[in-house]
Amino acid sequence: MGRRKQNKSTTDQFDSSDTDSITSTSTGFSDLTLAHETENVNSLDFVIDKCIESLDNKSTRVKALKELLDAFEGHVLFPYLENRYVTLLDHCMNSIKKGKGSPTEACLASRAIGLLAVTVGTGSSAHEIMEQSLPHLERAIVSGNDAVKISVLDCLAIVTFIGANNWDETEKSMKLMWEIIHSKSSLKVSRPSSAVLAAAVSAWSFLLTTIGGCRIDLDSWVEPISFLCTLLENDDRTVRFAAGEAVTIVFETVIGNRLSYEMSDLADLDNEQLKPKWFKPIMSLKAKIKI
C-alpha cells in the first residue's frame, strides 16, 4: 500500500526460513528457466502450466508460488491467463484457507491473487476474483497470524479497488478492515498488533479514495473520524503515519467539498439548534488537527 513501513513485529511472525522464502523470490523464475533448457523454455504458456501443475503438490507449492510471482513481476501475463485465471485463483485460495498451508504459503498466495487482479484489469474477471476470494480473505483476516493478516489486507484492498462495481461492494470490504481498526466494534476480531493496525488503516483509506460523489451522511462520519484522531497519538510511528493519511483523505475526499459548500452559511447561523448534528464535532476535530 505504498508508503507504509512494515514494523519489525511483523517479520517476527516468521522463522528465519520463512523470511528467506518470502524475500528471495527473485531467483525462482531464472532457476526454472535453467532447469528446462528446451525449445519451450521461453514460452510463458509452458512456465505458467508448470506453476499451476506444481501448485497441486504440497511439497512444491511454495516454490511454484515464488516462480509465479516472478513471472507476474517480469512479464505481461494477461494473454496467458485470460482462460486460466479461475484455475489459478482456486489454487491460490487453497493456500489461504485455514489449515491448508503455512503462513509463508498464505502470504505468497495472497500476493499472487492481488497481482492476478491487476493483470486481468477492471471488468467481469476482476469482479469474479473479488467475489470468489472475499470469504476466504475474511476468514484469514480473523484467524491468520500477523504476517498473513497484513498480506491479506493488502490483497483485499487491491482486489476490491479493481473488482468492485459500486460503492456498496467497496464498503463491504472497508467494513472488514474497520473491524480490525476498531476491534471493539467486533466480538470476533482480537485487538490487533501495531503492524496489523497500520496495515488495516492504510488499506481502508486506500479504498476510501474511491468514494467519489457517493451518498455521504456526515453524521455517520463523526465517530470514525474521532477514533482515527485518537490513533494520531498512538505509541507506534507507523500507526500515527497511517492514521494521519486516513484523516487527511477523510477531510479531503469525504467532507471537504461539503464543508466548503456549507461552511459560510452554517458558520453565520446563530441558532445552534438549526445546525446539523455533525457540524460542531467535525469542526472541533478539524480545528484540533489543523486541517
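The values are calculated or read from the model by the stated rules, or taken from the named source; none is laboratory data. Small disclaimer: the values here were computed from a predicted structure and weren't measured. Note that each Cβ is placed from the backbone with ideal geometry, even for glycine, and that neighbours are counted across all protein chains shown.
Please find, within segment 102-118, the residue that is farthest from Phe78 (Cα to Cα) out of those that are modelled with pLDDT under 95 and of a type in the set (S, T, N, Q).
Residue satisfying both the conditions and the ranking: Ser102.
Which members of segment 202-228 meet the condition of being in a helix (DSSP H, G or I) and charged (D, E, K, R)?
Passing the criteria: Asp219, Glu223.
Applying the selection to segment 104-126, what residues are crowded, with 19+ Cβ neighbours inside 10 Å and more than 13 Å from Leu65 (Cβ to Cβ)?
Ala117, Thr119, Val120, Ser125, Ala126
Looking only at segment 229-243, which residues are farther than 11 Å from Ala198 by Cα and in a helix (DSSP H, G or I)?
Passing the criteria: Cys229, Thr230.
Within segment 52-80, work out how many residues are among the aliphatic types (A, V, I, L, M), at pLDDT below 85 and surrounded by fewer than 21 Cβ atoms within 10 Å (Cβ to Cβ).
Number of matching residues: 1.
For segment 159-178, which residues satisfy the criterion of being without any contact (Cβ under 8 Å) to a residue 24 or more places away in the chain and under 18 Å from Val201 (Cα atoms)?
Glu171, Lys175
Write out, first by first residue and then by second, each pair whose Cβ atoms fall under 7 Å of each other, whose residues are 6+ apart or on separate chains, and whose first residue, in segment 193-222, is over 19 Å from Thr248 (Cβ atoms) and polar (S, T, N, Q) while the second is at pLDDT below 90 and part of a helix (DSSP H, G or I).
Pairs that qualify, where the first residue is over 19 Å from Thr248 (Cβ atoms) and polar (S, T, N, Q) and the partner is at pLDDT below 90 and part of a helix (DSSP H, G or I), are Ser193/Ser9; Ser194/Ser9.
Could you give every pair whose Cβ atoms fall below 7 Å, whose first residue belongs to segment 135-148 and is assigned by TED's automatic domain parsing to the domain that holds Asn94 and small (Gly, Ala, Ser), and whose second residue is surrounded by 23 or more Cβ atoms within 10 Å (Cβ to Cβ) and modelled with pLDDT of 90 or more, counting only separations of at least 6 or pairs across chains?
Ala140/Ile96; Ala140/Ala106; Ala140/Val148; Ala140/Val152; Gly144/Ala106; Gly144/Val152; Ala147/Cys107
For residues in segment 229-239 being over 18 Å from the mean Cα position of the chain (by Cα) and surrounded by 15 or more Cβ atoms within 10 Å (Cβ to Cβ), which is nearest to Ile255 (Cα to Cα)?
Cys229
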